[in-house]
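Here is the structure we will look at, set down as structure tokens.
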Amino acid sequence: MHKLFKWLAAVVALVLLLALGLWWYLPRLNTYQADGELILPGLSAPVKVLRDAKGMAYIYAANPHDAFRAHGFVTAQDRLFQMEVIRRLATGRICELAGEKARPLAMHYLTLGFMRNARRMAKMLNPEQRRFIESYLAGVNYFIATRRDEYPLEFKLAGIKPTPWSAADSLVMQLFMSWGSSGNIKIETAAQMIVDKLGLERAREIFPLTINPEETGPPKEGSLPQAVARLNLAQSSGLSLPLTPGALALSSNNWVTGPGLSAGGKPILANDPHLDARILPGPWYPIALITPQYRWVGVGVPGIPGIVVGRNQHVAWGVTNAYGDCQDLYVETLDPANPDNYLENGKPVPFKVVTEALNIKDAEAPGGMRTEQVKIRLSKRGPVVSEVLSGLKTDKVLTLRWAPYESFDGRLGLDQAMMATNAVQFRDGIQGMRHLVLNYVFADTAGDFGWVVCGGLPIRGPGQGTVPYVVTTGEDNWLGWVPDKQMPQAMNPAKGWVGTCNHKTITRDYPYYYSSRLAPSWRYRRLMQLMNAPGKKSAMDSWAYQRDDKNLMAELLVPILAQALKKDPTTRPLGELLASWDHRDRPQAAAPLVFQAVYNRFALLTYRDELGEDLARFMLDQYYFWKERLASKVVAGSWDWFDDTTTPAKEGRDELIRRAGREVVNELNDKLGPDPASWKWGDLHTLNLVSPVARQGFLAPILGEFHPMGGSESTLLRGIYDFNKPYEVTIFDSLRMVADLADDDKVMAVLPGGVTARVLNPHTTDQVGPFMSGAPVYWWFSDRAIAEHAVSKLILKPGK
């Protein structure tokens, strides 16, 4: 027995020693030099890089271009593999990683032509803007050239190597970000399919309804043509249309508490961009850049220089998607005598044909890679995309026109806005960003604050923008660009605050078509409640508002649903749960799940009989298309669409609600048990953060973080899921930031991941805990605070 005990003790000791060794070794397996000295050629003077306990770098440099060069170097230390993967995706090279199965994705981006256009755009940069980009990329490229032993482990696992970056590569990343925020093409496609199915008059009844919550009276209907051609786009089954696969599909909230409402007497700026940030450590890279002239702290996108969200010593800024419509689909008319031509004002014009190399990983090919030459056709409006819109079958030739390719005038915008010393300078500087249509809110230490939409927004003729445009003449349907001074904006509004939640911000008298894809009003209505409540607002109040889970859409609709459900014995428990609910989307509560499940099924039953299963589901997956319209009809009570046309009976709203409830009971009983009171929203509404090297399988939860999630599509705490793949969260806060301009020491900010994109490195996931709990995390701003929290120091020295 004594020998057995000694043997067991030895085994336990060995296991503990092994575990201790792994605990010490694994974080060091995939890291880089953060202390000591390194050479970085091109610097005018030594640069100091301090890092805090979460791994965030604080760069002290003699001038901005030294700071940008060091910014590129430290970004490569932390995010080089992430940069490489996104670049390959955005340039149509993803088959080099994923092989033949990724061909549709590669063809999608080769057709869009980000790199073709980025090369042209790079030639338009003036010398100062080129230097801004190239200083940053010099740091990236020096790391690639000289620090091979510090490449992220992911490169070995993927079997690839990084290659140098050019200004065109950086512009590709900006176009990739812009494409993700340009979502109107899905709305156009859905609208045309509905017209094809039902005709224009019937289709109008369910077209998007957009509301500016600060306007009174009935909403103005969107701009619609008097006639729409039937294009037979709705000929597919299993519609998916992955039009922005992997892109930065930017949604978001932002607001400024003005000095009159602020507890500290200076503006407080809050921003939480909503993205698909499930791949660790998330898309944003936090950084501080400090020179004798400037002090910047915030986040940027790896591969792009500058601070997209953050502050300097004078101004703070934050961003949301403005959803200005900068995409149009065109139906080209082929020359009946020659399909290589299209007709322009009745005359044949040859399609421009470009040839692109498609490299495909192939174990049987020499060197493990084979290359195909693929041809892409373009009209004068843009590339033919009907061949790459997955799930779409049509005999029509559709081309895509995208404003950033035409509106870019050589300015970057962000480089000038970062230098601003007051709110007006920031507004004027950011309007130079012509290739992304975004809502920027901003505020300065003097107390001025505002909001502006940047980007190139085309002026269209009447009734254009909601459905594809059929080309019949040689006339250009884009009549020019909305002038900067007429872009939606406000300065120092009388209400004492300003904010955007992707909602309709324009008023009835706005002279231009703006968009048919805008967020339902619920989030902004909730922000109005919070900001217009009596009393001063602190930075901690804004921090809490970002996690507010009050669902105002549910508050409006739940009494109707509950009353209907309680009249059927099978659905009565669901109705009782809803009737006692406080309309907060808490993960531990049952009622949020009941509401989401019943209302979504009710929506499907409303539209499926007339649209068919596939088209109904495709439309319903575009939440912005239908949510505001359907809610208004539920409140109204009667609507022809509530009748199920497949039955002889005349169904109404409440019968459809009960039918939805019965289907939900059958579905969720199998998943969660027979007692609805024991169901939990967070059992199904989960946030699954995964490593890029283990997105699925048994390693996914080991290398990632899986958590129950509150919120929904309609709450300030965003937790969007795909309608057709409920309820795993896909779009959520990719960052939470609150910058109090009365606080010179710090900015509250947290990521749903971390600073470093290196598997096994603790700074990949060390912010997930506070992100889920709401505990504050800080970017340090003052020299004193930075020095107090520094845990490492690296000196980058000039040299060869």
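The values are calculated or read from the model by the stated rules, or taken from the named source; none is laboratory data. Quantities reported herein were computed from a predicted structural model and do not represent experimental measurements. In this analysis, Cβ positions are derived from the backbone assuming ideal geometry, glycine residues included, and neighbour counts consider all displayed protein chains. The area values use the complete protein model at the heavy-atom level, side chains included, leaving out ligands, DNA and RNA. Shrake-Rupley method; radii C 1.70, N 1.55, O 1.52, S 1.80 Å.
Per residue, what accessible area does segment 710-800 have, given a 1.4 Å probe and all protein chains present, in Å²?
Each residue of segment 710-800 exposes 31 Å² on average to a 1.4 Å probe.
Expressed as a whole percentage, what fraction of the accessible surface of the chain belongs to carbon and sulfur atoms when a 1.4 Å probe is rolled over the protein heavy atoms?
55 percent
So for segment 610-662, what are the equivalent ellipsoid semi-axes in whole Å, largest first, each being the square root of 5 times an eigenvalue of the Cα gyration tensor?
19, 15, 10
Would you please calculate the Kirkwood hydrodynamic radius of the chain over all C-alpha pairs and express it in Å, rounded to one decimal?
27.9 Å
Can I get the semi-axes of segment 337-431's equivalent ellipsoid? Compute them from the C-alpha gyration tensor as square roots of 5 times the eigenvalues, in angstrom, largest first.
37, 26, 12
Could you please tell me the mean projected area of the C-alpha convex hull for segment 415-455, averaged over all directions and given in square nanometres to one decimal?
Projected over every direction and averaged, the Cα hull of segment 415-455 covers 2.4 nm².
Project the alpha carbons of segment 624-734 onto their principal axes and report the range along each, largest first, in whole Å.
That gives 54, 32, 26 Å along the principal axes, largest extent first.
Per residue of segment 69-83, in order, report the coupling 6.51 cos²θ - 1.76 cosθ + 1.60 (Karplus, θ = phi - 60°) as ³J(HN,Hα) in whole Hz, putting x for Gly and Pro.
3J(HN,Hα) across segment 69-83, in whole Hz: 5, 5, 4, x, 5, 6, 5, 5, 4, 8, 10, 4, 5, 4, 4.
Segment 393-520: D in µm²/s via Stokes-Einstein (Kirkwood Rh, Cα pairs, 20 °C, 1.002 mPa s)?
It diffuses with D of about 130 µm²/s by this estimate.
Please work out the average accessible area per residue across segment 490-609, using the 1.4 Å probe convention, and give it in Å².
35 Å²
Hey, can you grab everything whose amide H is under 5 Å from the amide H of VAL309? Only 5+ residues off in sequence or another chain; H modelled, so Pro and N-termini drop out.
Close amide H contacts, sequence-distant or interchain: VAL299.
Could you tell me the ratio Rg/Rh of segment 258-390? Both radii from Cα atoms, Rh via Kirkwood.
Here Rg/Rh amounts to 1.18.
Give the span of segment 32-106's Cα atoms along each principal axis, as three whole-Å numbers ordered largest to smallest.
47, 27, 17
I need two numbers for segment 535-675: Rg to one decimal and Dmax as a whole number, Cα atoms only, in Å.
16.6, 59
Treating cross-link reach as a plain straight distance, find the lysines whose alpha-carbon is under 24 Å from the alpha-carbon of LYS101, omitting any fewer than eight places away in the same chain.
Hits, sequence-local ones excluded: LYS156, LYS161, LYS186, LYS361, LYS375, LYS393, LYS725.
How are the Cα pair distances of segment 316-356 distributed, in percent, across 10 Å bins from 0?
Taking all Cα pairs of segment 316-356, the binned fractions are 22, 28, 21, 16, 10, 2 percent.
Quick one: Karplus J couplings for segment 347-352, per residue in order, coefficients 6.51, -1.76, 1.60, θ = phi - 60°, nearest Hz, x for Gly and Pro?
Per-residue couplings from phi come out as 9, x, 10, x, 4, 6 Hz.
Hey, can you rank 186-199, 485-498 by average C-beta count inside 10 Å, highest first?
186-199, 485-498
Ratio of alpha-carbon Rg to the 2.2 N^0.38 Å globular estimate for segment 42-150, to two decimals, please.
That works out to 1.28 for segment 42-150.
Give me the distance between the Cα centres of segment 284-351 and segment 48-94, rounded to whole Å.
Spelled out, the Cα-based centre of one part sits 21 Å from the other.
Sorted by mean Cβ packing within 10 Å, highest first, what order do the peptides 135-142, 406-413, 517-524, 155-162 take?
Top of the packing list down: 517-524, 135-142, 406-413, 155-162.
Compute the separation of the alpha-carbon centres of segment 138-157 and segment 624-700 and state it in Å as a whole number.
If we compute the Cα centre of each part, the gap is 47 Å.
Given a 1.4 Å probe, how much area per residue of segment 80-146 is accessible, in Å²?
On a per-residue basis, segment 80-146 sits at 35 Å².
What's the percent breakdown of Cα-Cα distances in segment 102-187 across 5 Å bins, shortest bin first?
Each 5 Å bin holds this share of Cα pairs: 3, 11, 16, 19, 19, 16, 11, 4, 1, 0.
Between TYR778 and residues 5 or more places away or on another chain, which pairs have amide H atoms under 5 Å apart, with H built 1.01 Å from N, and which residues are they?
ALA749
Over all directions, how big on average is the projection of the convex hull of the alpha-carbon atoms in segment 338-388, in square nanometres?
Result: a mean projected hull area of 4.7 nm².
What are the extents of the Cα atoms of segment 653-800 along their three principal axes, in Å, largest first?
Taking max minus min along each principal axis of the Cα atoms, segment 653-800 gives 73, 41, 28 Å.
Send over the Kirkwood Rh of segment 292-345, from the inverse of the averaged 1/r over different Cα pairs, rounded to one decimal Å.
Computed over segment 292-345, the radius equals 16.0 Å.
For segment 475-540, what percent of Cα pairs sit more than 16 Å apart?
Considering segment 475-540, 63 percent of its Cα-Cα pairs are separated by more than 16 Å.
Return the sequence-ordered ³J(HN,Hα) values of segment 59-65 in whole Hz as given by the Karplus equation 6.51 cos²θ - 1.76 cosθ + 1.60 applied to θ = phi - 60°, using x for Gly and Pro.
Couplings: 9, 10, 9, 6, 7, x, 6 Hz.
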